[in-house]
1. Mind telling me which of the residues A:205, A:125, A:140 ends up being under 26 Å from residue A:63 (Cα atoms) and free of Cβ contacts under 8 Å to residues at least 24 places away in the same chain?
2. List pairs: first in the range A:17-35 and facing chain B (nearest Cβ under 8 Å), second part of a helix (DSSP H, G or I) and crowded, with 19+ Cβ neighbours inside 10 Å, Cβ under 6 Å, 6+ apart or cross-chain?
3. Is it the case, given these coordinates, that residue B:238 is at pLDDT 75 or above and assigned to a strand (DSSP E or B)?
4. Does residue A:56 satisfy the condition of being outside any loop (DSSP other than H, G, I, E, B), more than 14 Å from chain B (Cβ to nearest Cβ) and farther than 30 Å from residue A:199 by Cα?
5. Does residue B:94 count as at pLDDT 80 or above, exposed (fewer than 14 other Cβ atoms within 10 Å of the Cβ) and more than 24 Å from residue A:27 (Cα to Cα)?
6. Consider the range B:18-47. How many of its residues are in a helix (DSSP H, G or I), farther than 23 Å from residue A:40 by Cα and within 8 Å of another protein chain (Cβ to nearest Cβ)?
7. Do you know which of the residues in the range A:61-83 that are within 16 Å of the chain's Cα centre (by Cα) and part of a loop (DSSP other than H, G, I, E, B) is modelled with the lowest pLDDT?
8. Can you tell me how many residues within the range A:211-229 are within 26 Å of residue A:273 (Cβ to Cβ) and modelled with pLDDT of 80 or more?
């Protein structure tokens, strides 16, 4: 760990998030340079959780933009609610002033982050789902920290530059202009040592033997050949929860090679079958 | 500061940009980077934008700051070429050994690592450029490695486009193993059908239906109620062209037809045609390929938006594909080689794919598969392949 303090805009991890010093300094430098941070990595390496952790530890409100494939950039910025306005003009029984368009402009997630009085954390999750145009256009907005509302011809500029975290699951790279504008980090899958810490944070009073056995078995099963979707941290946590809840299950069983609840770890049926075969055949991990 | 470091990164083939270098300078100037450790992580986050270059970055970093010599500074490209050669070796040891002019058995004793080292050495032995020979790696030769040469079964190992293409090659190879599922069977028909579901273009519900809106508003006694329709997008037209000549295709024909038959309602129309081995001047509407010939030239009249799907094993004698009178049926000879016909179809229907029941691992062995997959995006007739094919078919042009 570097000697960063939690007090003034320095990030050093949160309650349920284990942070390595490398990532901490990357987060800090991205905040200082006011550049978005693009995170890649296998599912389950805590890309999304990082944003939650930053917001928690620095006390900044978190705004999440879940990117969808059909999304248009404008939806992320603002929406002009024509329907309400039409309805109001018809009946005139609302408190809104129909002749004032601005009353009918609703901010989208990016708009909210810009308009907030306090500095916010803006998480743009799974950017790779959208098409490249969306990505590039969005980066333009984030670069300039402002956008126009066409209906009112008003420019919205950010009061406080939000801390922007972008995650991507894509195996292929994003476009060059996009990459040029953000910092990049690839979160590797945690090694067993790291994983012990993660489990320790999630289950503070778990039986040490059970945790160790489960982690060993987990990494063993990740190495089974031909698995399409390897179990990730989320699956391990759920699995340990299941083992923990089962009063008939004892920590020493796992050492003996008894591995129940495979379905928690493997969610695709061919994977499940393969894991089951491997477990029953070898009885060792 | 660190300008040499920057250029070293560029030299080994990491795509670094001046803008990002300036950002790094800004960070340094602001006093954000205080130790070498911080410099290591920060410079990487700012300069290197893909995890694929992390390893290379590490090497350059160690070289620049700690004087550790770059491991045989071959750069990324040579690495990749050597890897490609290893792949080729695994597929076809004799040919590669011949191309390098060494004894096959000599290479056989080496481990993969040693092989890579050996290939690298050979690559470096080669002084300057080499074009048109038949032993070395260069361009236009007959060696299986290199590019734009005659040896369609061989592979491209990067040429003019330099680093990028090698990276792309590396990238493609890395995910090659992902589609391990075998060919489609009746058992996973339902799964396959699900993959096809994605072949429906639907617009968002964003168009006001004026008639319905008026009606609904009247019924409400004047209170406005707006009704929306999905914006109109026409359903797809599909042409299914099946190779039904030869026993190798038999198990798949009825299955593929059933598959698309089930999915029929989601398409505007499906037309099925048949051919044998490869397409010449005609395809047939009847499976006996006798009664109802359709001229390939007439395809030009069809909607170019049609999704054109060819199912065949693409395996035949090379001359059937390349020669001017390649067809085995004398009545079909018109002087145009089949490969030109295929290109014509691909030009007519930009959204076309070729589904091949032959396992992808075997494609490298068959000359004609390589040649045809240059024209059509080719996918395995498996669940994974089908999924990818649908993705390609639905991609925006």
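1. A:140
2. Between residues of the range A:17-35 that are facing chain B (nearest Cβ under 8 Å) and residues that are part of a helix (DSSP H, G or I) and crowded, with 19+ Cβ neighbours inside 10 Å, the close pairs are A:22/B:41; A:25/B:38; A:25/B:41; A:26/B:41; A:26/B:45; A:29/B:27; A:29/B:42; A:33/B:27.
3. Taking the combined requirement at face value, the residue satisfies it.
4. Spelling it out, it is not the case that residue A:56 is outside any loop (DSSP other than H, G, I, E, B), more than 14 Å from chain B (Cβ to nearest Cβ) and farther than 30 Å from residue A:199 by Cα.
5. Details: at pLDDT 80 or above: no; exposed (fewer than 14 other Cβ atoms within 10 Å of the Cβ): yes; more than 24 Å from residue A:27 (Cα to Cα): yes.
Considered against the rule, which asks whether it is at pLDDT 80 or above, exposed (fewer than 14 other Cβ atoms within 10 Å of the Cβ) and more than 24 Å from residue A:27 (Cα to Cα), residue B:94 comes out as no.
6. Looking only at that region, the number is 1.
7. To start, the set of residues in the range A:61-83 that are within 16 Å of the chain's Cα centre (by Cα) comprises A:61-68.
From what's left, part of a loop (DSSP other than H, G, I, E, B): A:61, A:67-68.
Values: A:61: 90, A:67: 87, A:68: 83.
Checked the range A:61-83; the qualifying residue modelled with the lowest pLDDT is A:68.
8. Total meeting the criteria: 10.
The values are calculated or read from the model by the stated rules, or taken from the named source; none is laboratory data. Please read these numbers as outputs of a predicted model, since none were measured by experiment. No Cβ is skipped: glycine too gets one built from the backbone with ideal geometry, and neighbour counts run over all protein chains shown.
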